[in-house]
């Protein structure tokens, strides 16, 4: 398997993976499938500072991931949120770890300070994936989403990029500094 920057030519494959999750699962809180034009626009928004990557097995896109802005206020500019999706036929083969590791490397290379994973409560595979790369659980947002008639929690996981991650370590390894 390889991981590379996503291109407009990957839009349909990304859309197929994503839309299945939109219509059948709670791993995304989107409720309306993306059109091809929507997917191309989504990719264009991740062609600068933020990134989108795909994992391929030969010519087949088997997973994708992205870094997105965490919030729109300027003080949040050094924080990004990751998203990782793996085609259902390719789960359990290390695709997600390959994609997330590439996103972390990309975030570090682009000068971001922290990466957040916001994961639907109960999605143990994604929580475990993030934990395996040094993300620490920093909180749970209770019943912040509603899909398929259910209230959904969001588990927040964080990785500070200032130094090498230590699995299970607190995301803040130094005491807070006044004014931060």
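A few points about this structure:
- All of 28, 24 fail the test of being loosely packed, with under 12 Cβ neighbours inside 10 Å and under 29 Å from residue 153 (Cα atoms), apart from 24.
- Check on residue 80, touching a residue at least 24 places away in the same chain (Cβ under 8 Å), buried (at least 20 other Cβ atoms within 10 Å of the Cβ) and over 23 Å from residue 154 (Cα atoms): no
- Residue 103 being surrounded by 12 or more Cβ atoms within 10 Å (Cβ to Cβ), over 30 Å from residue 149 (Cβ atoms), within 16 Å of the chain's Cα centre (by Cα) and touching a residue at least 60 places away in the same chain (Cβ under 8 Å): no
- One residue alone among 35, 56, 60 is surrounded by fewer than 13 Cβ atoms within 10 Å (Cβ to Cβ) and either at negative phi or without any contact (Cβ under 8 Å) to a residue 12 or more places away in the chain (or both), and that residue is 35.
- Unique residue being under 22 Å from residue 10 (Cβ atoms) and either surrounded by fewer than 20 Cβ atoms within 10 Å (Cβ to Cβ) or in contact (Cβ under 8 Å) with a residue 60 or more places away in the chain (or both) when the list is 93, 108, 150: 93
- Of all the residues in region 115-166, those that are part of a loop (DSSP other than H, G, I, E, B), touching a strand residue (DSSP E or B) at 6+ places or on another chain (Cβ under 6 Å) and on the phi > 0 side of the Ramachandran plot number 1.
Values in this text are rule-based calculations from the coordinates and carry no lab data. Computed from a predicted structure; not experimentally measured. Here the Cβ is made from the backbone with ideal geometry for all residues, glycine too, and neighbour counts use every protein chain on show.
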